[in-house]
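Notes for the one structure printed next.
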Amino acid sequence: MSELRHVGQAAPRPEGADKLAGRTRYIHDIKRPGMLYGKIKYAEHAHARILNVDTSKAERLPGVKAVLTAYDTPELRIGFLRDNFALKRDKVRQFRDEVAAVAAIDPDIARQAVELIEVEYEPLPGVFSVEEALADGAPLVHETDARGRPLTTNRLALEFSHDSGDVDAACSAAAHVVEREYTVPRVQQSCMGTAGCIAEFDGRGNLEMLVKTQIPFLAQRDYARALAALGLADKSVRVIVPALGGGFGTGLDTHVYEYIAILLAWRAGKPVKILFERDEEFAFLSPRQSAVTRIRQGCDAEGKLLFRHLEVSQDNGAYTSWGATFPSVMLMPATSLYRVPNVRFESRIVYTNNTYCQAMRGYGNPEVTLPIESSLDELAEAAGIDPLDMRRINTNRPGDVTPMGLKIGTCGLEECLDKTAGRIDWRAKHGRQRALKRGVGMASLIHVGGGGKIYRSDGSGIILKLDDYGTVNVNYGGVEMGQGLHAALTAMVAEALGVLPARVVINQTDTATCPWDVGTHASRGAFMAGNAAILASDKLRVQIFEWAERIYPVEVAKAIARAGAEGKAADVPTGFDFESVGRERFDLKDGWLFVRDAPDHPVFRISLGKLLRAAHFPPEGDPSTVFAAEAFYEPPTQLPDWKKGVGNMSANYTFGTQGVEVEVDVETGDVKILALAFALDVGRVLNPQTLAGQVYGGIAQGVGYALYEEVKTDRGRILNPNFTDYKIPSAADIDFPIELDFIETDDPSGPFGAKGVGEPGLVPTAPAIANAIYDAVGVRITDLPITPEKVLAALIEKQRPACPGAPTPQPLMRP
Amino acid sequence: MTIDNSMQISFELNGSMRRARVEPHERLIDLLRDVLGETGTKEGCGEGECGACTVLVEGRAVNSCLFPAPEVEGLRVVTIEGLCGEGLQLSPVQAAFLEGGATQCGFCTPGMVVSTVALLGENPAPSASDIRNALTGNLCRCTGYVQIVEAIQSAAAKLSAGGEA
Ligand code: FES
Ligand code: FES
């Protein structure tokens, strides 16, 4: 690769100065003329029949402009399985079900109006766990599916499974087998900027949605369906994405409140804003799915993995979002983290009367990496092999094709293992610090780094348009939510096209101006945008060089004449035939057009802006030109067959290893992280500053997931809807050194060799910590979060002498 | 019948005298954002838990979501907008955050920067752990705080070499 000028530089993010100055406009900051404020009346039961909704008092409150219930609005079916409704008519299935909604001239009046709505219910028995939901005679959360066909079970008709090789035979042949169950809780994405939207119709009945989303184009399609249900099928929808105060997966679905804003705006004939307050965000926005995973793994006497078997149960809550498809991503680590020849993966996804769940960073991956990597340590112990060696023996390697059919191209896992081991001084410390109650642990990850095909298209379009001054306007449908997409894309456009980063302007994400993109998820943003930008830049360079072929002789002749007029003719090198330069000899760098073999003198260079302005006034008989190019990049991947769990879903795979050192206070159960190291195969560093920032942030979320975050519920009611009771890491919690190593494997599929790296930070953190705790004090915590209470209970349990009559602990089973 | 308890106040906001009519229980953040249109200050929780709404009142960092608007009568209030210098100039702390990659989504950033200015006013050379402890009231979900702490240390170093926060 030729020398990179902008890619790889630690440039500050382009939108950063506005963020620092408080100038960035989030949905919170936007007001439209005449705008009303919407508020929603939520259910007061986890499961109940709605008998009556009385909105008369709310309607009479001065300042109220619209009140809606399911009885006076068309039915809007929404969600991944279309099992959810904008407003609930017959029954409520979770505490956050939307029963009515109000729009008023200010938020306080809207709030008061909601309180005046009276709803009569007939409570129904509910189900609040996978076991309850699947018990014989359990009440049904949904009596019918979206097409009205009767349902007989709470289990969703979504299948994600895999069975390759012969797991049973491998299990019998294995020298060592371990088995255990692991639990991960619901957690809240906790974006600092809460969710919100403004729905507005224009005089033609077209809808404009300003909305906090990561999927503007899928949202456009969803809203268009809603308009059709309102009898507005011929109207258009425009989705505009303001600055996002974090995303982390919350924007991968359209949400009920968005449809309610649309209904209210249509009814009131005014723009309507719905903005979540923090307690609403906790209680009424979907958290990350919880999961219970049973895992069995076995190896031969030398530690080579022979098989892996996972059974995952997911509590879906009352409705279905894209988050229900977590097992689609779980398949990847289940089948492909380390070499394992025989794999079985089974999953079941179950309706309950809990809050329904959605995506979060990592999308199923951390949920099963905890069991896989914890179990691997157990297996290493059973086999008498050092956990680092166990991982090295089984490491993935370039050229592998995994049981899922993932084609591993570049793979830096072995290097990541060694780097991390070195950073945390594994050989000197592992198993040697029990007296100090200190331990080290590690865990690795695999993740999609080249898109993740879980939808029919995994593509992204881009438009690059040059203005008269050589500024490139970039219209890209992906969403900047803090992850650094714009920083990476700026460098890549500058590099690929040949302009200065300061001349790259990324426009607001808007379905009216940007080409289609499937959404910003699966760590795909920079990977997709970069590949699309390279394609579009190549086209634009062709346009520029074609035009240069015509205008270059004219402009150079003028420049030489000017030099002559200034008495500098003698400085101009002679002998270069600038009159007939073929387009293939031109190049563009940092906004200057030049001929590769021309003498190094200013008269032979033309600034891009000058070249472009000249195009409005072409030589006689020459057609004028515009300079814009669009490109659509679709990665060379397969939509997997989910029942078989086979398909190469990404153009490349990211690998990494985290190592931690902890100290456990055996009096209190407190776990203190002393140091953390992370080596990550990123393909190529696009911007070391934003990359490190994104990875640090992921690690902090991983620490929260491991040690304290949990959405607590009681029979479906959320108990901790605030940051006092739901703790996320504060600055004082991340008080340990973090060492990052980025391994550059230069992946051929990636833009400039880069892989997607948005999610990996948090994937292996919890198992690395759990393994370190085991090393420190010999207890294995299998359910997150690893609270001091759980550690203390495990320590007490460990010390209890086995007394006669007490149930003997189950030996690790073999089937 | 509603009784009008509102009162007229005047205070200095980012160097200019401002007058406003406020309700007794009105929050300072609403006065700033909704009435005066200074939307740089953010509301992340409304409960005093996240620090996104931090502003300076007489140089002290306060959570404007808890601070009663009438109490700024006669006082000097500085928000993120007021830290910027002439034109588009960023203050040293803002510039250090930008150059150090200490902002991501940016939602916590105004509060984080304002808290930093207050911290450096009290402790011009804070250690990393002083910074972490001083910022426990400012939550950030994006950064893991690492580059924030580094940026604050670099700002402190620059300021001690001369300059105003
Ligand atoms: S908004 Fe004031 S502390 Fe969170
Ligand atoms: S930068 Fe997003 S919350 Fe701090």
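The values are calculated or read from the model by the stated rules, or taken from the named source; none is laboratory data. Since we're looking at a predicted model, the values are computed, not measured. So basically every Cβ, Gly included, is an ideal-geometry build from the backbone, and we count neighbours across all protein chains shown. In case anyone asks, the SASA skips ligands and DNA or RNA and just uses the protein heavy atoms, side chains included. Shrake-Rupley method; radii C 1.70, N 1.55, O 1.52, S 1.80 Å.
In segment A:282-300, what residues are open to solvent by less than 10 Å² (accessible area, probe 1.4 Å) and over 21 Å from the mean Cα position of the chain (by Cα)? Those that are open to solvent by less than 10 Å² (accessible area, probe 1.4 Å) and over 21 Å from the mean Cα position of the chain (by Cα): A:T293, A:I295, A:Q297, A:G298, A:C299. State whether the residues of segment A:22-35 include one that is open to solvent by less than 70 Å² (accessible area, probe 1.4 Å) and among the aromatic types (F, W, Y). Within segment A:22-35, one or more residues are open to solvent by less than 70 Å² (accessible area, probe 1.4 Å) and among the aromatic types (F, W, Y). With the condition kept exactly as written, say whether any residue in segment A:130-138 is hydrophobic (A, V, I, L, M, F, W, C), out of contact with any strand residue (DSSP E or B) (no Cβ under 7 Å at 6 or more places or on another chain), within 24 Å of A:D783 (Cα to Cα) and open to solvent by 10 Å² or more (accessible area, probe 1.4 Å). The answer is yes, given that some residue of segment A:130-138 is hydrophobic (A, V, I, L, M, F, W, C), out of contact with any strand residue (DSSP E or B) (no Cβ under 7 Å at 6 or more places or on another chain), within 24 Å of A:D783 (Cα to Cα) and open to solvent by 10 Å² or more (accessible area, probe 1.4 Å). For B:A61, state whether it is touching a residue at least 40 places away in the same chain (Cβ under 8 Å), under 29 Å from A:M481 (Cβ atoms), open to solvent by 10 Å² or more (accessible area, probe 1.4 Å) and within 16 Å of ligand 1 (Cβ to nearest atom). Yes. Number of residues in segment A:277-325 that are outside any strand (DSSP E or B) and polar (S, T, N, Q) equals 6.
Taking the criterion of being within 8 Å of chain A (Cβ to nearest Cβ) and crowded, with 22+ Cβ neighbours inside 10 Å, would at least one residue in segment B:155-163 satisfy it? No: zero hits.
A Cβ distance below 6 Å, combined with a sequence gap of six or more or placement on separate chains, defines the contacts here; from segment B:27-42, residues that are assigned to a loop (DSSP other than H, G, I, E, B) reach residues that are surrounded by fewer than 24 Cβ atoms within 10 Å (Cβ to Cβ) and not aliphatic (A, V, I, L, M) in the pairs B:E38/B:E81; B:T39/A:D29; B:T39/B:R33; B:G40/B:E81.
Restricting attention to segment A:16-31, the residues that are touching a Leu at 6+ places or on another chain (Cβ under 8 Å) and more than 16 Å from ligand 2 (Cβ to nearest atom) add up to 1. Among the residues of segment B:64-85, are any within 15 Å of the chain's Cα centre (by Cα), within 16 Å of ligand 2 (Cβ to nearest atom) and open to solvent by 20 Å² or more (accessible area, probe 1.4 Å)? For segment B:64-85, residues within 15 Å of the chain's Cα centre (by Cα), within 16 Å of ligand 2 (Cβ to nearest atom) and open to solvent by 20 Å² or more (accessible area, probe 1.4 Å): absent.
Beta carbons closer than 8 Å, at least 6 apart along the sequence or on distinct chains, pair a first residue in segment A:224-240 that is touching a residue at least 60 places away in the same chain (Cβ under 8 Å) and outside the structural domain of A:P515 (by TED's automatic domain parsing) with a second that is small (G, A, S) and not in a helix (DSSP H, G or I) for A:A226/A:A86; A:R238/A:A512; A:I240/A:A512. Whether any residue in segment A:738-758 is open to solvent by 10 Å² or more (accessible area, probe 1.4 Å) and at the interface with chain B (Cβ under 10 Å from one of its Cβ atoms) is what I want to check. Checked segment A:738-758: at least one residue is open to solvent by 10 Å² or more (accessible area, probe 1.4 Å) and at the interface with chain B (Cβ under 10 Å from one of its Cβ atoms).
Considering (1) open to solvent by 10 Å² or more (accessible area, probe 1.4 Å); (2) acidic (D, E); (3) within 14 Å of another protein chain (Cβ to nearest Cβ), the lone condition that A:E709 does not fulfil carries the number (1).
What residue, among those in segment B:6-53 that are of a type in the set (A, V, I, L, M) and within 14 Å of chain A (Cβ to nearest Cβ), is surrounded by the most Cβ atoms within 10 Å (Cβ to Cβ)? By that ranking, first place goes to B:A52. Within 14 Å of chain B (Cβ to nearest Cβ), within 29 Å of A:Y363 (Cβ to Cβ) and either open to solvent by less than 20 Å² (accessible area, probe 1.4 Å) or more than 16 Å from ligand 1 (Cβ to nearest atom) (or both): does that describe A:G126? So A:G126 does not fit the description; no. Exactly one residue out of B:E99, B:E81, B:E71 is within 16 Å of ligand 1 (Cβ to nearest atom) and of a type in the set (D, E), and it is B:E71.
For segment A:65-95, what are the residues that are under 19 Å from A:I718 (Cβ atoms) and open to solvent by 10 Å² or more (accessible area, probe 1.4 Å)?
To start, the set of residues in segment A:65-95 that are under 19 Å from A:I718 (Cβ atoms) comprises A:84, A:88, A:92-95.
The answer is A:R93, A:F95.
If you go through segment B:119-154 and keep only what is more than 14 Å from ligand 2 (Cβ to nearest atom), hydrophobic (A, V, I, L, M, F, W, C) and open to solvent by 10 Å² or more (accessible area, probe 1.4 Å), you end up with B:L119, B:L120, B:A125, B:A128, B:A134.
Sub-7 Å Cβ pairs linking a first residue in segment B:99-119 that is without any contact (Cβ under 8 Å) to a residue 12 or more places away in the chain to a second residue that is within 11 Å of ligand 2 (Cβ to nearest atom) and in a helix (DSSP H, G or I), at least 6 apart or interchain, are B:G106/A:K19, ordered by first then second residue. Checking each residue in segment B:1-48 for being of a type in the set (D, E) and either within 16 Å of ligand 2 (Cβ to nearest atom) or over 15 Å from B:L75 (Cα atoms) (or both) picks out B:D4, B:E23, B:E26, B:D30, B:D34, B:E38, B:E43, B:E47.
In segment A:223-248, of all residues being farther than 17 Å from A:T513 by Cα, open to solvent by less than 30 Å² (accessible area, probe 1.4 Å) and not in a loop (DSSP other than H, G, I, E, B), the one that is farthest from ligand 1 (Cβ to nearest atom) corresponds to A:L227. Within segment A:389-401, identify whether any single residue is out of contact with any helix residue (DSSP H, G or I) (no Cβ under 8 Å at 6 or more places or on another chain), over 17 Å from A:L680 (Cα atoms), open to solvent by 10 Å² or more (accessible area, probe 1.4 Å) and free of Cβ contacts under 8 Å to residues at least 60 places away in the same chain, and answer yes or no. Yes: segment A:389-401 contains one or more residues that are out of contact with any helix residue (DSSP H, G or I) (no Cβ under 8 Å at 6 or more places or on another chain), over 17 Å from A:L680 (Cα atoms), open to solvent by 10 Å² or more (accessible area, probe 1.4 Å) and free of Cβ contacts under 8 Å to residues at least 60 places away in the same chain.
Given the structure, is B:G37 at pLDDT 95 or above, within 15 Å of ligand 1 (Cβ to nearest atom), outside the structural domain of B:I148 (by TED's automatic domain parsing) and over 30 Å from A:N687 (Cα atoms)? For B:G37, the condition - at pLDDT 95 or above, within 15 Å of ligand 1 (Cβ to nearest atom), outside the structural domain of B:I148 (by TED's automatic domain parsing) and over 30 Å from A:N687 (Cα atoms) - is not met.
A quick yes/no check of all residues on (1) within 21 Å of A:D641 (Cα to Cα); (2) in contact with a Ser or Thr (Cβ under 8 Å, 6 or more places away or on another chain); (3) in contact (Cβ under 8 Å) with a residue 60 or more places away in the chain:
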position: A:L285; (1), (2), (3): no, yes, yes
position: A:S290; (1), (2), (3): no, yes, yes
position: A:I295; (1), (2), (3): no, yes, yes
position: A:N316; (1), (2), (3): no, yes, yes
position: A:W322; (1), (2), (3): yes, no, yes
position: A:M330; (1), (2), (3): yes, yes, yes
